Amino acid sequence: MLLGVSLAVFSMLHLLPVDPVEMLIMDSTTGTAPTSGVTDEMMDNLRRELGLDRPLPVQFASFVGNALRGDLGMSFRNNRPVSEMLAEQLPYTIRLTLAGLGTSVVLGLTLGILAGLRPNSWIDSASMLLATFGVSMPSFWLGLMLIYLFALRLQALPALGVGSPQALLMPAIALGFHGSAIIARLTRSSILEIMGSEYITTARAKGVAESFVVLRHALRNALIPVVTVVGLEFGSLMSGAVITETVFARPGIRRLAVRGILEKDFPLVQGFVLFIAVIYVLSNLIVDLCYAWLDPRIRFE
Amino acid sequence: MAAVEQGAAPSIAGVTPGAGRRVDERSLAWMAFRRFLTIRSAATGAAVLLLLVLAAVFAPYLTPFEYDKIAPTAAYEAPSREHLMGTDKFGRDVFTRVLFGGRISLTVGLIATAIGGVVGVLLGMTAGYFGGLVDEATMRVLDMMLAFPGILLAMGIVAMLGPSLRNLMIAVGIGYIAGFARLMRGNVLAARRFDYVLAAEALGGRSWTILRRHILPNIAAPLIVYATLSVAAAILTAAGLSFLGLGAQPPSPEWGIMLSDGRETLNRAWWVSLFPGLAILLTTLSINFVGDGLRVALDPRVRGR
């Protein structure tokens with residue numbers, strides 16, 4: 001699977017009808033006019049230097065081999081190892097992603113459980129309305145409006161930067177709101193289904209307190225599908241963080257990704273895309289392990 | 001209500017091949033449409049969406065301004081009777097730009113979904129119907145595409161094609177192929193075992209005829225719902241990428257770009273960011289309400305009630 005992903009990333013950027021060397025010497029601001037006075041010989045030298053003259057399978061093999069050793073190649077534009085640049089910016093992005101994930105899980109579960117336990121009540125309608133807003137709301141707009149309201153008008157929270165823990169609050173909400181909507185909907189339907197099942201009736205019949213029924217019997221089973229989504233959300237949030245980082249002017253992989261794309265810095269984009277895809281696959285693996293813990297039946301299979 | 005009728009009915013009849021050719025099929029679509037209108041959120045969503053579409057289509061007639069006319073003396077004017085949503089840093093009327101931006105966003109949403117939908121549906125139907133090695137190979141490739149979360153695949157494709165509005169539509173569209181294909185494959189696999197499909201096969205019907213005439217109309221409901229919700233998601237993704245500078249390029253009145261323009265001067269001119277964002281929200285919200293309404297209206301379990 002991971003090999004497939006790296007093949008996809010690799011071919012995405014190498015099977016292009018464009019020549020990276022030509023792009024490299026192109027004026028990066030206009031993107032059209034090649035710098036004058038470049039001879040074919042100079043281009044060939046550059047191509048050799050970057051290893052782009054080798055056959056594609058060889059290039060791919062060395063890319064995978066190096067990537068396994070943590071070497072994602074050199075950035076075209078910055079003359080620094082891509083892995084070093086990623087490592088520098090990653091902590092910020094991971095912190096933001098975790099905070100955003102926390103927001104979606106807490107908000108999503110709360111709304112979903114409240115709605116699922118009282119179907120067709122006002123709290124159910126309100127939660128689901130909020131959830132529809134959540135999937136429809138552009139996160140960058142939500143972020144900007146939060147900044148306007150809480151930082152500029154009320155001056156309650158810092159607008160930008162990464163100085164204090166409070167500075168993480170608004171970005172986390174902006175990033176996590178969309179995911180919380182998805183989790184809320186799923187939790188609701190999952191709880192609804194389980195509250196109607198026979199073992200819940202049995203538990204109630206034997207006189208178990210309602211709160212215990214919900215927490216011990218219903219929630220644990222209702223969480224199984226939710227865990228899947230949380231795993232998927234981690235990867236989506238990490239790529240979505242690129243937008244939130246822009247809104248709040250936070251450091252993070254956005255700086256690498258957006259600049260890499262605009263400047264046609266292929267090794268940088270390749271490293272960035274590969275890294276997130278790998279994290280995504282790994283988080284799905286962790287989800288599978290969580291299943292076994294939540295659902296003992298899976299262990300026997 | 002007549003207005004809503006025009007907006008929603010073609011989407012049902014249009015995607016159900018053969019609708020109108022046989023009376024009972026038309027009445028099924030008609031019944032679904034009637035059910036759709038009884039869902040308050042869905043009917044409201046459809047009405048709002050229709051208004052948004054009309055506003056985008058007739059944009060030049062709804063405003064005295066041009067969307068790209070620069071008027072430096074009128075920069076950053078607060079919303080007033082003349083400039084309903086104020087003006088931006090170049091003195092351009094925000095209301096006008098929001099109207100024209102609707103053309104871009106709605107087009108992007110539709111075309112991206114169409115790209116993902118057509119390719120995905122064909123792949124999914126082929127994989128599901130013919131099975132075997134075709135299925136195996138297709139699903140492997142799709143799994144690989146699904147290993148890229150959300151916006152990332154689109155970013156990668158934009159990276160290789162270069163940022164522009166056209167490439168944005170392609171990039172976002174490719175991102176939806178896997179979703180459509182999976183949905184169709186699952187449904188085709190289930191539909192293959194139905195008696196009427198077996199009967200058609202026994203009568204010697206050609207594979208594509210069976211897929212088109214017998215299978216597709218019967219699994220159209222989840223497809224319509226998924227496509228509708230995809231349009232909303234595509235609009236969001238496209239606006240996000242444009243916001244990052246990876247989609248439509250200035251001076252295009254694209255909503256994402258307008259938002260990012262307003263970011264720098266939020267304190268001075270909040271309206272530059274507020275209104276394009278509201279426009280995105282209103283559009284995606286109404287599409288999502290329509291999609292959820294269709295899900296209920298087209299559900300075979302409530303059919304006939």
Original post:
Each label point is 7 Å from the Cα along the Cα-to-Cβ direction; what then is the distance between the points at residue A:154 and residue A:205, in nm?
Top reply: 5.0
Subject >> Net charge of Cβ neighbours under 11 Å - reference residue B:253; Lys, Arg +1; Asp, Glu -1 >> reply: -3
**OP:** Take the Cα gyration tensor of the stretch A:223-301, multiply each eigenvalue by 5, square-root it, and list the three semi-axes largest first, rounded to whole angstrom.
**Re:** 33, 14, 6
**OP:** Anything in chain B that counts as a DSSP H helix reaching 27 Å or more along its axis (C-alpha) with Kyte-Doolittle mean of at least 1.6? List them, would you?
**Re:** B:220-243
Original post:
Taking the alpha-carbon centroid of each part, what is the distance from the stretch A:69-135 to the stretch B:271-290 in angstrom?
Top reply: 22
Original post:
How many partner chain Cβ atoms sit within 10 Å of a residue's Cβ in peptide B:258-267, on average, as a whole number?
Top reply: 3
Original post:
Check residue A:74: other-chain or 5+ apart residues with amide H under 5 Å from its amide H, H built from backbone geometry?
Top reply: A:82
Subject >> For the stretch A:183-261, the fraction of alpha-carbon pairs in successive 10 Å shells from zero, as % >> reply: 17, 31, 19, 16, 13, 5, 0
Original post:
Say we join alpha carbon atoms closer than 10 Å with springs in a Gaussian network model of chain B; which of B:34, B:182, B:206 then has the biggest fluctuation?
Top reply: B:206
Original post:
So what is the calculated 222 nm ellipticity per residue for chain B, using -39500 (n - 2.57) for each DSSP H run with n of 4 or more, over all residues, to the nearest 500 deg cm²/dmol?
Top reply: -23500 deg cm²/dmol
Original post:
Considering every residue in B:271-280, what mean count of other chain Cβ atoms within 10 Å of its Cβ is obtained?
Top reply: 3
Subject >> the stretch B:56-161: translational diffusion in µm²/s, Stokes-Einstein, Kirkwood Rh over Cα pairs, 25 °C, 0.890 mPa s >> reply: 140
Subject >> Where labels lie 7 Å past Cα in the beta-carbon direction, separation of residue A:166 and residue A:80 in nm >> reply: 3.1
**OP:** Would you kindly compute the Cα radius of gyration of the stretch B:229-305 and its largest Cα-Cα separation (Dmax), both in Å?
**Re:** 16.6, 56
Original post:
For the protein assembly as shown, what is the largest minus smallest coordinate of the Cα atoms on each principal axis, given in angstrom and ordered from greatest to least?
Top reply: 77, 64, 59
Original post:
Sorted by packing (mean other beta-carbon atoms within 10 Å per residue), highest first, where do A:56-67, A:225-236, A:201-212 land?
Top reply: A:225-236, A:56-67, A:201-212
Original post:
Which of B:288, B:267, B:218 moves most in a GNM of chain B, Cα contacts under 10 Å?
Top reply: B:267
**OP:** Quantify how strongly other chains surround peptide A:99-105 by giving the mean number of their Cβ atoms within 10 Å of each of its Cβ atoms.
**Re:** 0
Original post:
Shape of chain B from its Cα gyration tensor (a ≥ b ≥ c, root eigenvalues): rounded if a/c is under 1.5, otherwise prolate when a/b > b/c, or oblate?
Top reply: oblate
**OP:** Report in % the part of the accessible area of the protein assembly as shown that belongs to carbon and sulfur, leaving out ligands and nucleic acids; probe 1.4 Å.
**Re:** 64
Original post:
Do any residues of the stretch A:243-273 lose at least 30 Å² of accessible area when the full set of protein chains is present rather than just their chain alone, and if so which, with a 1.4 Å probe?
Top reply: A:243, A:246, A:258, A:261, A:262, A:264, A:273
Subject >> Solvent-accessible area per residue, Å², over the protein assembly as shown with all protein chains present [probe radius 1.4 Å] >> reply: 47
Original post:
How do the peptides B:230-241, A:182-193 rank, highest first, by the average count of neighbouring beta carbon atoms within 10 Å per residue?
Top reply: B:230-241, A:182-193
Original post:
Dividing the Cα radius of gyration by the Kirkwood radius, what Rg/Rh value follows for the stretch A:83-300?
Top reply: 1.05
**OP:** State, in square angstrom and to the nearest 100, the accessible area buried between chains B and A, both chains counted, probe radius 1.4 Å.
**Re:** 3700
Original post:
Roughly what would the spin-label model give for residue A:295 and residue B:165, points 7 Å off Cα along C-beta, in nm?
Top reply: 4.7
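The values are calculated or read from the model by the stated rules, or taken from the named source; none is laboratory data. Here the structure is a predicted model, which means the values were calculated and not measured. Glycine also receives a Cβ, built like all others from the backbone with ideal geometry; neighbour counts cover every protein chain displayed. Surface accessibility is based on the protein's heavy atoms, side chains included, excluding ligands, DNA and RNA. Shrake-Rupley method; radii C 1.70, N 1.55, O 1.52, S 1.80 Å.
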